[in-house]
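Encoded as structure tokens, the structure appears first; notes follow it.
Taken together, the values in this text are just the output of simple stated rules run on the coordinates, not laboratory data. Small disclaimer: the values here were computed from a predicted structure and weren't measured. Note that each Cβ is placed from the backbone with ideal geometry, even for glycine, and that neighbours are counted across all protein chains shown.
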Amino acid sequence: MKLSKFKQSENILFILFLLPAFFFIVIAQFYPLLYSFYISFTKWSLIKWKPIALVGLSNYQRVLQDSLFKHAFKISLIFACITTPVELVIGFLLAYMITGERKIYKITRTILVIPMTIAPVAVGTIWRMLLNTRAGLINYLLQKIGINGPNWLATPSTAFFSILIVDIWEWTPFAMIIFVAALSSIPVDLFSAAQIDGASRWQILRYITLPLIAPITVLIVLFRFIDSILVIDIIYTTTYGGPGFSTNVITFHIYKQALKYFNITYAAAASWILQIFCLLVAIVLLMCSGKLQEKI
Amino acid sequence: MSKKFVRKVFFVTYIIIVIGMVTAGICFSQEREITATYMASGTYDVAAKELVPEFERLTGIKVKIAAFPWAILREKNMTDLITGTGKYDVMSGSYYLAKVYEFFYPMDKYITKDNYGISMISGLMKKCQRYEGYQIGVPYGPDAYSLLYRTDLFKKAGIGIPQTWDAIIQAAKKLDTLYEGEGIDGYVFSCGAIEQLPIFLFTKYNGTFITADNKYHLEPREAIQAIKKSKKLLEYAPPGVLGLSIDEANAVFLQGKAAMVECWPSFIRAAANDPARSNIVGKWAVLPYPKVGFPWLSMWEMFISRYSKDKDAAWEWIKFYTREKNAKYFFTKYGIGSAYTSTYQDPELLEKYGHDFPGILANLKRAKNPPLTGEAQDFLASTISQVLVGEITPEKAVENINTKWASLEVPKPLIEMAENSGLKAK
């Protein structure tokens with residue numbers, strides 16, 4: 001009897017300790033989220049004061065019928081579908097080469113992580129200068145070896161290629177560092193046993209390393225895919241969505257609608273469509289990760 | 001020491017502290033301070049900063065200058081007004097702020113009281129933004145997009161001043177061929193600065209922007225022709241023209257590598273006349289635009305926010321910044337266009353800028369603000385950019401623009417502005 005009373009009071013104490021954090025999260029995160037959900041069903045102008053009127057799904061309909069939204073969504077999907085696997089593969093290869101305790105590995109890892117530690121806005125600005133057609137370092141170096149550098153940020157294809165390069169340069173270290181941690185956590189005994197059994201390097205990689213790091217790989221895919229869908233900083237600083245609409249990714253489109261043109265209800269609806277999409281991607285990938293973990 | 005004495009000491013100390021705090025509070029609140037926004041261009045903002053010490057000394061009003069790049073400036077101003085923050089007392093902007101005109105304070109009272117603007121270029125004050133009949137902005141740095149050309153190259157090639165766009169295209173072609181060996185191109189433009197691209201339409205489009213029922217709409221035939229002509233002109237531009245920023249395009253002209261440049265004169269004037277920065281000193285002039293469409297008017301205006309806590313101080317700053325004496329100084333030092341007739345009649349300036357003034361004034365006289373919201377103008381710019389990079393045809397571009405524009409609401413002040421400037425269909 002006494003014990004259960006003690007447990008009860010202990011539980012109340014836990015709840016009391018949790019309450020401040022709980023309220024903080026509710027206010028700081030869920031309130032804006034729910035509020036944006038609410039305004040996505042309304043007609044409301046930030047500029048002209050009029051009572052908020054509920055309009056059902058018409059904002060969602062407007063967004064889904066908007067060719068600019070569809071184009072921006074497509075651009076973002078292509079962007080994420082290219083950058084994620086490239087970052088994953090390069091990140092893994094780098095990690096595979098520099099996992100270990102030797103000093104040179106540690107130094108290399110530290111150097112390779114630098115791009116990730118630079119503010120994305122600064123990364124965009126640096127690359128914009130590097131990619132400058134007339135005065136950029138890249139075209140200067142290309143010219144040195146007899147190649148006429150392209151107009152990196154001035155044509156749709158090269159501009160898109162440029163932002164891919166910038167994102168890959170910045171975020172491959174993220175994949176690399178997680179892979180290093182994953183590779184380091186595989187018990188050495190497994191490799192020793194495989195070697196004794198006569199397994200080749202490739203067989204060890206194929207049948208031991210890759211399956212064991214598969215759940216982590218799925219997590220990296222999840223982080224990088226969603227992050228790539230949400231990219232905005234490098235677009236803002238390098239191409240500003242252009243030329244034309246060729247790099248007008250979805251978050252940049254939403255940003256302009258909300259904070260440049262103050263079409264706040266449109267932007268809220270567009271954000272929720274994006275949010276739901278990201279949520280679905282996350283659910284599918286987490287399920288994959290869970291299944292892979294079960295297999296292991 | 002008795003308790004009574006200690007109590008008395010505490011009481012007196014308490015009173016002194018309270019009086020001190022109140023006095024400090026009064027003194028603090030009496031310090032008048034305003035913040036003014038400008039575009040970070042290295043001209044308007046720098047000129048403003050230069051004036052601050054003198055203004056503070058004369059008026060005792062503290063001024064903070066907040067400078068932002070153009071796109072950010074628009075956002076900062078609008079957000080401050082919409083949220084009612086009142087952080088910025090004086091705001092720099094123009095017609096693209098039409099959505100938030102109601103948040104600006106009417107200036108008529110100040111203008112009348114101070115007889116403001118009587119010596120400005122005739123009609124300039126009338127071109128300022130209005131809301132519900134009240135004037136809400138006063139002008140500074142008026143600048144009209146212009147076509148600058150190399151007088152020496154034109155003369156050598158036997159080309160007179162072209163009167164039509166077809167003649168300009170022909171001139172660009174001739175000059176491009178003639179001076180190819182010297183690495184000189186016929187024409188250059190900052191195509192990489194997408195926000196500048198609407199000029200391709202404005203100066204060559206002989207139609208309206210708003211229908212009789214107040215919807216945005218371009219007359220397809222005229223608009224397609226205008227875009228096609230601009231694209232044609234770019235055939236005589238240097239390789240890489242699609243990526244050139246404003247500074248880069250201007251630099252091509254300053255280095256003597258292009259026979260014509262289309263630009264804001266205020267961005268290039270000071271450098272073009274400076275032998276240290278220019279190879280074309282004394283070899284250039286401004287071409288009056290052919291009489292179709294209109295030169296894009298960049299007339300900066302200063303507005304007072306309705307949320308400003310010290311509107312009188314804000315007006316004092318506006319008056320000080322835009323006074324006649326400064327206009328001449330800013331013109332000479334920073335190349336900022338002057339709103340005053342006297343600047344363009346000044347003998348000293350006429351001697352130095354005589355080649356520049358006639359064209360500038362001709363373009364300024366015909367210059368207009370397009371009646372476009374930020375969203376409409378941005379879409380126009382991006383769509384023209386699509387044409388230039390070959391993604392779509394001019395026909396498709398105009399179709400896309402009209403489709404998008406049909407979904408946009410035209411703010412009332414812009415409808416009035418279009419009516420007054422002949423850009424609305426009857």
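Brief remarks follow.
- Positive contributions from Lys and Arg (+1) and negative ones from Asp and Glu (-1), summed over other residues with Cβ under 15 Å from the Cβ of residue B:70, come out at -3.
- For chain B, the antiparallel share of DSSP beta bridges with both residues in that region comes to about 65%.
- Summarising the strand pairing of the protein assembly as shown, around 70 percent of its internal DSSP beta bridges are antiparallel.
- Test item: Cα-centred dipole of the protein assembly as shown, Lys/Arg +1 and Asp/Glu -1 on Cβ, debye: 1340
- Amide H contacts under 5 Å for residue B:66, placed H, 5+ residues apart: B:36, B:37, B:38
- Whole-number D in µm²/s for chain B (Stokes-Einstein; Kirkwood sum over Cα pairs; 37 °C, 0.692 mPa s): 140
- Calculated FRET efficiency for the pair residue B:132/residue A:67, C-beta based, R₀ 41 Å, to 0.05: 0.70
- For segment A:87-199, the orientation-averaged shadow of the C-alpha convex hull comes to 9.8 nm² (one quarter of the hull surface).
- Each Cα pair under 8 Å and six or more residues apart adds its separation to the average, and for chain B the resulting relative contact order is 24 percent.
- Spatial separation of Cα centroids for segment B:353-426 and segment A:275-292, in angstrom: 46
- Partner shielding of A:155-162 amounts to 2, given as the average count of beta-carbon atoms from other chains within 10 Å of each residue beta-carbon.
- Computed over chain A, the range of Cα coordinates on each principal axis works out to 86, 76, 30 Å, biggest value leading.
- Among the chymotrypsin sites (Phe, Trp or Tyr not before Pro) in segment A:13-80, those located in a DSSP loop and surrounded by at most 12 other Cβ atoms within 10 Å of their own Cβ are A:49.
- For residue B:203, residues with placed amide H under 5 Å, excluding near neighbours: B:294
- Between residue B:113 and residue B:325, full extension at 0.36 nm per residue minus the direct alpha carbon distance yields a gain of 74.3 nm.
- Annotation for segment A:24-80: trypsin sites (Lys or Arg not before Pro) lying in DSSP loop with at most 14 further Cβ atoms inside 10 Å of their Cβ are A:48.
- Among B:309, B:155, B:62, residue whose mean-square fluctuation peaks in a GNM of chain B (springs only between Cα atoms under 10 Å): B:155
- Counting Cβ atoms of other protein chains within 10 Å of each Cβ in B:237-244 and taking the mean gives 5.
- Comparing B:333, B:87, B:368 in a Gaussian network model of chain B where C-alpha atoms under 10 Å apart are linked, the largest mean-square fluctuation is found at B:333.
- Shape of the protein assembly as shown, Cα gyration tensor, a/c cut at 1.5: oblate
- At most 11 other Cβ within 10 Å, DSSP loop - chymotrypsin sites (Phe, Trp or Tyr not before Pro), segment B:126-177: none
- Given R0 = 30 Å, the distance between the Cβ atoms of residue A:188 and residue A:282 translates into a calculated FRET efficiency of 0.35.
- Summing Lys and Arg as +1 and Asp and Glu as -1 over all other residues whose Cβ lies under 13 Å from the Cβ of residue A:214 gives a net charge of +2.
- Judged by the ratio a/c of the largest to the smallest principal axis of the C-alpha gyration tensor, segment A:1-116 counts as oblate, that ratio being 1.5 or greater while a/b is no larger than b/c.
- Between segment A:57-91 and segment A:173-235, the Cα center-to-center distance that results, in Å: 27
- Across peptide A:237-246, the average count of Cβ atoms from other chains found within 10 Å of a residue's Cβ is 6.
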